[in-house]
Amino acid sequence: MEGASQNLRWWQTRQFVVLVALAAMLPLLGPAIPPMVDLPGHMGRYRVELDFSHYPWLGDWYHFQWALIGNLGLDLLVLPLAPIFGLELAVKLIVITIPALTVMGLLWIAREVHGRIPATALFALPLAYNFALHFGFVNFALAQALALNAFALWLRLARLNKLRLRALLFVPISGLLWLCHTYGWGMLGVLGFSAEMVRQRDRGHSWVMAWARACVGVLPLAPPVLLMVLWRSGEHVGGDTGDWFNWRAKIGWLAMVLRDRWQAFDIASIAVIYFIIFRGIRDENLEYSRQLGLSVLFLLAVYILLPRIVFGSAYADMRLAPFLLAIAVIALRPRRGVSDKGSAMLAAAGLAFCLVRLTGSFWSFHLYDQSYQRELKALDHLPVGARLVSFVGETCHNEWRMTRLQHLPAIALERKLAYSNDQWSMAGAQLLAVRYLPAAHFSHDPSEIVTNVQCPREWWRPISRSLAMFPREAFDYVWLISPPPYDPRLEQGLEPLWRDPETGSALFRVNHAVPAATLTKAELTPPPFSEMALVAPDTPRRAPSPSVPRPGNR
């Protein structure tokens, strides 16, 4: 072990690791539904998965078929847990473990590499609540958290020279990790290979020989390659791969790894992390571990080479950014000879940073949860099995704070077994596909997103067009969630069942005996995007940026 020490300080004890992991759960304790952008959409799919055979109308709307794909983490876990806890609590219990596992994995890796947890490692822990998690990429986030802990076990078994046991254990571990999400398996492979190269180099081999021996050493991680081939060679597999070397986007992701609600707070927080990383280069009291330093270089190369879209799944490179930075932070350690007082002060600063970010995340989730509960009151007036079309308000601007309401319509599917037009169909990437033909162009994501003008480079419809043109014979109810302003004439033939006068949200029953309002072509074609039309006079104006993730683009 590098820098082994017999005298553990307070931040290096098992008790501290357990306490900080438990503290990482606190922001998610309150909300019944973790307020993450995509998660309600996933929960709708889980409901279909669990009850597809019990309610025949679900088969009229959706096609669900199990398949061996590298994206099944929560889909599999809810099967045994939902009958015990109910679907919503089961999902919450799984999601709440993700930040805790991430924290534990980072600290365990730091201990295995440095021999003890360095004070600097505490600055990496807020990255457990990263933008990818806020976006609701829960299978990915769970796989990454598990990959960190698997890598720590990989390092430990190598340190104990139990290489045969490591080989036996990691054949099934790598397969299960791939099944949870392909990216978790991929990151474990990158980390394991780089660590094995350094280990072989430390044994006296040249870099070329170390590379060759590392290739042999990571063979226990290779079996999922066969699963990948089977998956991607399937009969109904699609999805493009593209948008390579989008430098604007890649730089943007590195600035948004902690993006949540308050832009100044989030940017100041990421500045702290970058300060720690770059301080390690210039400060003579800090140094980088060669083992994790090589891992950082490998992850950086993968981040640069990854396109934005892989197999039809967007934001492939964005998801890696927080873990690249987290590994860079835990690669740091105080040099030998640095005073205990200096390390203690650094650890105290790191802990304070963690507590500040956790407090911010706690309050942010509380506010998002309040908006969820307010909007979900509409479901009290919705019957089970309703044919529901939903429209969620958006703007053409890329606000730092996302509403996280974009897939809330899927809670109607989850709670009321109602139709939800927010589900996305990605051939070969997930198990559910939409098949409700009468809904036509209002059958799936992003038909639920509406704006007050036509946004550039987006498939979203203006609300006037959506309300006037959705096929009324296909739906019995309309749910508006924080919609943009619209002409009241568009409510012709829609009978209000519930309204929230402050947000403009409403639930309507469709009166099929009354035709929709007839609008002129000019009224159905709002003017093109104009910053002046959407931004208050005292609001900073900025054009839409393709580098910022948008809802409805998977």
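Annotations for the structure displayed:
- Residue satisfying condition, being touching a residue at least 12 places away in the same chain (Cβ under 8 Å), in contact with a strand residue (DSSP E or B) (Cβ under 8 Å, 6 or more places away or on another chain), more than 21 Å from SER425 (Cβ to Cβ) and assigned to a strand (DSSP E or B), within set VAL478, VAL450: VAL478
- Residue in region 278-294 that is touching a helix residue (DSSP H, G or I) at 6+ places or on another chain (Cβ under 9 Å) and β-branched (Val, Ile, Thr) present: no
- All positions within region 22-57 that are of a type in the set (A, V, I, L, M, F, W, C) and in contact with a strand residue (DSSP E or B) (Cβ under 8 Å, 6 or more places away or on another chain): VAL48, PHE52
- Members of region 453-475 that are of a type outside the set (A, V, I, L, M) and in a loop (DSSP other than H, G, I, E, B): CYS455, PRO456, ARG457, GLU458, TRP459, TRP460, PHE470, PRO471, PHE475
- Hey, ASP266 of a type outside the set (S, T, N, Q), out of contact with any strand residue (DSSP E or B) (no Cβ under 8 Å at 6 or more places or on another chain) and modelled with pLDDT of 90 or more or not: yes
- When region 135-146 is filtered for residues that are surrounded by 24 or more Cβ atoms within 10 Å (Cβ to Cβ), over 12 Å from LEU74 (Cβ atoms) and at pLDDT below 95, nothing remains.
- Output for region 73-109, where each listed residue is of a type in the set (Gly, Ala, Ser), part of a helix (DSSP H, G or I) and surrounded by fewer than 23 Cβ atoms within 10 Å (Cβ to Cβ): ALA82, ALA90, ALA100
- The residues in region 483-515 that are assigned to a loop (DSSP other than H, G, I, E, B) and either charged (D, E, K, R) or closer than 27 Å to ARG404 by Cα (or both) can be counted, and the count is 11.
The values are calculated or read from the model by the stated rules, or taken from the named source; none is laboratory data. Given the structure is predicted, the values throughout are model-derived calculations rather than measurements. Neighbour counts run over all protein chains shown; Cβ positions are idealised from the backbone, glycine included.
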